[in-house]
Structure formats: structure tokens, C-alpha cells
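J.: Dumping the structure here so I can ask a few things about it.
Quick note: the coordinates plus some simple rules give every number you see, no bench work behind them. No experiment lies behind these values; they were computed from the predicted model shown. As a convention, Cβ positions derive from the backbone with ideal geometry for all residues, glycine included, and neighbour counts pool all protein chains shown.
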Amino acid sequence: MQSKISISNLDFYYGKTQALFDISMEIPERQVVAFIGPSGCGKSTFLRTLNRMNDTIPIARAEGVVKIDGENIYAPGTDVVALRRKVGMVFQKSNPFPKSIFENVAYGIRINGLHKNKADLQERVEKALRDAALLNEVKDRLNSSAFGLSGGQQQRLCIARALAVQPEVILMDEPASALDPIATQKIEELVVELKKQYSIVIVTHNMQQASRVSDKTAFFMLGKLIEFNPTQKMFTNPDERLTEDYITGRFG
Amino acid sequence: MSQTGTIGDKLFRSVLLIAAASILVIVAAILYMMVQNSLPTIERFGVGFLTGREWKPAQEEFGALPFIYGTLASSIIALVLSIPISLGVAIYMVEQAPKKLARPIAFLIELLAAIPSVVYGLWGIFVLAPFIRDYLGVFLQDYFGWLPFFQGRLTGIGMLTGGIILALMITPIITSVVRDVLEAVPTTQREAALALGATEWETTRIVLGNAASGIAGAVVLGLGRAIGETMAITMVIGNSAQISISLFEPANTIASLLASNFAEATDKIYMSALIEIGLVLFLVTFVVNALAKLLILKVASGTNSAKHA
């Protein structure tokens, strides 16, 4: 399996505090990789190094190499805007813009100038909504406010918004942690569906979720990558004692 | 609530109630007093008071239009100059400046707000007016003299000088309210834009979209301040009851008229005219402030829904 993202010897600091220690990992193309681990273990921080979202924190600093399709995204002169278009992100709390459903999805298309004309824009928006399994629920009210949607619908809207700019990788930071079980199930089905086209990295607190949706799982603790293996192996016969203890609920 | 027993609490509640009620009483009393005392001119001139262009107390002629015009025009000039600066400073402080720089800037802005009005006025007379007369006005007449706004004799004293002074005075309040509004926009909105490949400018536009009605509220607050400002403007606007399209011509505002003429208003009808024009000012500021409150309420609920979303 070809690797989409290749991380080698990544250290990460918040000011003087080191948050990630010497992480190396290969993230395969068109698969789902889940990051699990106790709170504060650095899994979200690590996720956010993959689209340089940590750049917004002034005291944050990354050292090491993160290659996407062979290109180091931490090399000087990297176009961060282009990087983030390629590596989309879905956040823990759904964060639609205070705009209509249509305009939320259209936003990324517009700022990146992806559409040829109005009809093309309409088509792209509808496709993104369809791919996010939301179109049927909202097609009659595309022009009403995104805030009128339920929590689960808003999160799928955010996924549609991310899909609309045609990324290659989608990072998901606990995308279902604020949702009820039924909405969660829909997101999980969507993740499995999306991996046909995208490489997906999903951070989750929910180990059942990791085992249901992912092909490979990485277990983090205290800023270190403890184990990275196929999900099946991880949950049945992990290499590390710590992983087993965490998965069986002995701590965390 | 009301059945809670002790005498102490009853007393406590009554004291608070009296305090709250006193605000209503004071506003009502001011309004009553102003209407009562302006009855002579209200009865004599009716609407003509608001539309008349002549203000000749000696002939008992009272037209408030030049003052209403002067108040609104100087305030609008102030807003036009102040809004871009205030927005720029606030956006810089919230979105870009490192903390080390944002704090001193915030401090300086508070300092600007604390300078007494009369000091602004003195600065206007001794620094700004000569500067406009000798440099800015000359420049404007050289390059934009074909516009009716920039024709006429340059004295340094007039509408433009007044507007600029007002702009300086309202910039601190607009800046600090806009800063608070921008800070209330959830970080997740910025991250959402960035994650879609938005540039800094595009991300800022998303933030501004979130804050739109709060910014409008800040502007209206600034407008209220500009409309009511008295001391500084009376020192630089020239105190002349005329309506001129030229920004170099002297003009006058309601607040400035009141400040400079109350002492000499000896007869009843003159006094009544001044009080009536004060009533107009009172109503205008009341409406403007109510508008600001509404807008700010709207943005508060807007950001809440974004947060809970």
C-alpha cells in the first residue's frame, strides 16, 4: 500500500513544553487511520501538524519532516494555503459559517476559484452535499441558515464543506464526540464510504469507533506513539502491553 | 421569591428597587422639563422650527435646520474617517498583533479615550486648524478643488476641522467595542476558514461576517458620541448658523450652539428655542443609542448560536 503521508522524527513544542516526541509514521492512501489515546496524549496536536493548523498558535513549533506525496510541508516556502486545500479538516464541534447551507458549502469553492460558472457551482455544492449524505435532508432549504440544522446535520455539512474543495486527505478531530448515537452512526458510515476516494485520519476517544471505521490504528500516550498497527491486530493482539491495558480499559 | 422572610432582605430589595426606579424617574423628569420649557416655541413655530434656516434671536426667528445639518454632517465626516482606522486597528489587535504589542496598543487607545474634550479642542485650534489652513486644505483645493466640498476660503476653522476632531474622539470607543466583538467570534470559525484554504484576508472576512452586527453597533455608539460631543467641536467648527456644502466653511452643531448661547438667552422665547433644540438632540441620541443596543443584542445571540452549533 502506498503511503500518502510520511512522518519522520517529528517533535512538537508549545513554548518550552514538548508535546510530541520523535514520531514517525506512514499514513496509507485511501484508508482510514484512527488515532486513539488518553486525553492530552497529543493525538489532536499531531493531527493538526498534518495541515499545519498549529501555525495559528504563536508559541507552537514543529521539528522534523512531514511529507505529503513526497513533499515536506515544513520546508521553508511551503504554500500553507495550498496545503490546507489539499488536506481538509473536520473539527470536534461543528462550525458552520453564519451563512446559508448553500453558501457554507460554496465558500471553499469560491475562495479557491474552482467553479467555471454558476451552474457548475450549484453542481459542485450538490455533489458535496450528496457525498456527505446530507443532500436529501436539505435539498429543499439550501438557502436557509445552517444554524437551523441539527447537530449531526451541521457536522455533515462541515464534512460537505471540506469535500467541496476536493481535498486528498481529510483530517477529523473527534468528529462525532458531540453527537448522539444515531448521528454518530451516520458519520461513521460516511467515513467508511469516503475512504474510497480520500485518505482519512480520524482522532477519536471512542475505541469502538476506532475499531469500526479504521484500517489502521495508532495509540498515543504522553506525546509518544506507542503502537501503530492494523486495527484488527491492535484490538485483538497488540504488540505493546500499554496498548492492551488501554484498550481493555485498565486505565485511561 | 417574595415570601422570603427577614426584614433585612425586604429592606435590601426596596433599596435596590428605589435605585432602579430612580433612573426611570430621572429620564422622565428631564424629558418632562424639556418639553414643558420648550412649549412656547413648539406652539409658536411648530414644525417650522425644525425646517427653518434662519437663526436670529434678536428678531425672534428660530430655525434649527443649520444646527441639525451641522450636527449630522460633522458626525458623518467623523464616521467616514474613523471607521476604517478603528476597524484596521481592531482587526490588527485581534487577528495579527503579537500579545506583546496588542496590550500596549489597547492601553494607548484607552488613554486616547481619557483625554478631556477641551484638550482635543485646544489641539484642534493650535495644531489641526493651522495644519488644515496651510497644508491639508491647500492640498485638497489643488487636487480636488473641482469638488464643491473643497471650495471656498481656507481659514482652518470649519466643518472639516470639526469632523476630524470628532473622528479622533470617537475612534477609541469604536476600536475597543469592535475589538471586543471580534474577540467574541469563536476561534473555530477562523479554523474552519483556514482549513478550507482561506488566506488571512479571507479568514478575516469570515470573522467580520460573524461580527457584522456588533461592528454596526460599535459604529452607532461612536455616532452617538459624535452627535453629543460639545466642547471640542465648539472650539473648532466656527459657530456659524449656515448650511454650506463646502467643508472649509464654518458651521455649527446643536451641542455647540447650546454651550455657547445659553448664558445670553435672557428672554423666554430664546430660552424656549434653545431648550427645544436640546430636546431634538436628546431624541436623536436616544434613538441612536437604542439602535446600538439592539444591534449588539443581535450579535450576542448570533455568536451564541455559532458557539452552540
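J.: Charges on Cβ only, +1 for Lys and Arg, -1 for Asp and Glu, centred on the Cα centroid of chain B; of B:I215, B:Q151, B:A97, which one is farthest towards the dipole's positive end?
T.: The listed residue farthest towards the positive side: B:A97.
J.: Applying 1/(1 + (r/R0)^6) with R0 = 30 Å to the Cβ-Cβ distance of A:D239 and A:E63, what FRET efficiency is obtained, to the nearest 0.05?
T.: Values: r = 27 Å, r/R0 = 0.90.
Here the calculated transfer efficiency is 0.65.
J.: What is the distance in Å between the Cα centres of the range A:82-141 and the range A:176-229?
T.: One Cα centre to the other: 23 Å.
J.: Most exposed first by the Cβ proxy, i.e. fewest other Cβ within 10 Å, how do A:L20, B:L79 rank?
T.: Numbers: A:L20 25, B:L79 20.
Neighbour counts put them in this order, fewest first: B:L79, A:L20.
J.: What percent do you get for the relative contact order of chain B when only Cα pairs under 8 Å and 6+ apart count?
T.: Values: 408 pairs, mean separation 81.1, N = 309.
Relative contact order comes out at 26 percent.
J.: Determine the dipole magnitude for the range B:1-109: charges of +1 sit on the beta-carbon of Lys and Arg, -1 on that of Asp and Glu, nothing else is charged, the reference point is the Cα centre, and the result goes in debye to the nearest 20. Present the calculation step by step, with values, prior to reporting the outcome.
T.: Values: 8 positive and 6 negative charges, 108 e Å.
Roughly 520 debye, rounded to the nearest 20.
J.: Can you find, among A:L20, A:Y74, A:F91, the residue farthest towards the positive end of the dipole of the range A:1-105? Put +1 on the C-beta of Lys and Arg, -1 on that of Asp and Glu.
T.: Of the candidates, A:F91 comes out farthest on the positive side.
J.: Whole-Hz Karplus ³J(HN,Hα) for the range B:66-71, in order, using 6.51 cos²θ - 1.76 cosθ + 1.60 and θ = phi - 60°, x for Gly and Pro?
T.: x, 6, 5, 4, x, 4
J.: A further question follows. Can you sort A:E71, B:E229 so the residue with the fewest Cβ neighbours within 10 Å comes first? Can you show the working numbers first?
T.: On the way: A:E71 10, B:E229 25.
Sorted ascending by nearby Cβ count, the order is A:E71, B:E229.
J.: How far, in nm, would the chain grow between A:Q208 and A:N72 when pulled straight, counting 0.36 nm per residue and subtracting the alpha carbon separation? Intermediate values should be presented prior to the final figure.
T.: Working: separation 136, 0.36 × 136 = 48.96 nm, distance 3.33 nm.
Contour length minus Cα-Cα distance gives 45.6 nm.
J.: Order of B:98-105, B:287-294 by packing, highest average Cβ count within 10 Å first?
T.: On the way: B:98-105: 11.2, B:287-294: 15.4.
Result, highest mean Cβ count within 10 Å first: B:287-294, B:98-105.
J.: Under 17 Å between alpha carbons, and skipping anything fewer than 8 positions from B:K268 in its own chain: which lysines qualify?
T.: B:K56
J.: Let me ask something additional. Got a sec to turn the phi values of the range A:124-138 into Karplus ³J(HN,Hα) couplings, 6.51 cos²θ - 1.76 cosθ + 1.60 with θ = phi - 60°, whole Hz, x for Gly and Pro?
T.: Computed from phi, the couplings for the range A:124-138 are 5, 4, 5, 5, 4, 5, 5, 4, 8, 6, 10, 3, 4, 7, 10 Hz.
J.: Separation of the range B:217-280 and the range B:134-207 by C-alpha centroid, Å?
T.: Comparing the Cα centres of the range B:217-280 and the range B:134-207, I get a distance of 24 Å.
J.: Give me A:S24, B:S75 ranked fewest to most by other Cβ atoms within 10 Å of their Cβ, as a rough exposure proxy.
T.: Numbers: A:S24 13, B:S75 27.
The order, fewest Cβ neighbours first, is A:S24, B:S75.
J.: Further question on the same structure: Calculate, in nm to one decimal, what B:Y92 and B:L122 gain on full extension: separation in residues at 0.36 nm each, minus their alpha carbon distance.
T.: Full extension of this stretch gives 7.8 nm more.
J.: First obtain the Kirkwood hydrodynamic radius of the protein assembly as shown from its Cα pairs, then insert it into the Stokes-Einstein equation at 20 °C and 1.002 mPa s, and state the resulting D in µm² per second as a whole number.
T.: Numbers: Rh = 28.3 Å.
It comes out at roughly 76 µm²/s.
J.: A follow-up question, please. Amide H of A:V90: which non-local residues (sequence gap of 5 or more, or other chain) have their own amide H closer than 5 Å, using H built in the peptide plane?
T.: A:L171, A:M172, A:D173
J.: Can I ask one more? Using the Karplus curve 6.51 cos²θ - 1.76 cosθ + 1.60 with θ = phi - 60°, work out ³J(HN,Hα) for each residue of the range B:278-292 in order, rounded to whole Hz, and write x for Gly and Pro.
T.: x, 4, 4, 4, 4, 5, 4, 5, 4, 4, 4, 5, 4, 4, 4
J.: Let me ask something else about it. Would you work out the charge dipole size for the range B:67-308 about its Cα centre, treating the Cβ of every Lys and Arg as +1 and the Cβ of every Asp and Glu as -1, and quote it to the nearest 20 debye? Provide the component values of the computation, followed by the final result.
T.: Details: 13 positive and 14 negative charges, 96 e Å.
I would put it at about 460 debye.
J.: Here's another thing I want to ask about it. Name the residue farthest towards the positive end of the dipole of the range B:67-308 from the options B:V138, B:L294, B:S244, assuming +1 on Cβ of Lys and Arg, -1 on Cβ of Asp and Glu, about the Cα centre.
T.: So the residue we want is B:L294.
J.: Using a Cα-Cα cut-off of under 21 Å, which lysines could be cross-linked to A:K67, ignoring same-chain neighbours fewer than 8 residues away?
T.: Output for A:K67: A:K4, A:K43, A:K86, A:K195, A:K216, A:K224.
J.: Using 1/(1 + (r/R0)^6) with R0 = 22 angstrom and r between the beta carbons of A:A119 and A:S144, what's the FRET efficiency to the nearest 0.05?
T.: Values: r = 22 Å, r/R0 = 0.98.
Computed FRET efficiency for A:A119 and A:S144: 0.55.
J.: Which residues' amide hydrogens lie under 5 Å from the amide hydrogen of A:T217, considering only partners 5 or more residues apart or on another chain, with H built in the peptide plane?
T.: A:A34, A:N229, A:T231
J.: Something else: Figure the gain on full extension for B:A21 and B:T199 (residue separation times 0.36 nm, minus the Cα-Cα span) and round it to one decimal in nm. Don't skip to the answer; put the middle values down first.
T.: Values: separation 178, 0.36 × 178 = 64.08 nm, distance 5.18 nm.
Fully extending the segment from B:A21 to B:T199 adds 58.9 nm.
J.: Can you show me the helix-derived [θ] at 222 nm for the protein assembly as shown, built from DSSP H runs with n ≥ 4 at -39,500 (n - 2.57) apiece and divided by the number of residues, rounded to the nearest 500.
T.: Counting only the DSSP helices, I get -18000 deg cm²/dmol.
J.: Would you work out the charge dipole size for the protein assembly as shown about its Cα centre, treating the Cβ of every Lys and Arg as +1 and the Cβ of every Asp and Glu as -1, and quote it to the nearest 20 debye?
T.: Working: 50 positive and 48 negative charges, 126 e Å.
Value, rounded to 20: 600 debye.
J.: Show the residues, 5+ positions off or on another chain, whose built amide H is closer than 5 Å to the amide H of B:N252.
T.: Amide H neighbours of B:N252: B:G70, B:S240, B:Q242.
J.: Continuing with the same structure: How about B:K298: which lysines have a C-alpha closer than 24 Å to its C-alpha, ignoring those fewer than 8 places off in the same chain?
T.: Here the lysines satisfying the reach criterion relative to B:K298 are A:K93, A:K99, B:K307.
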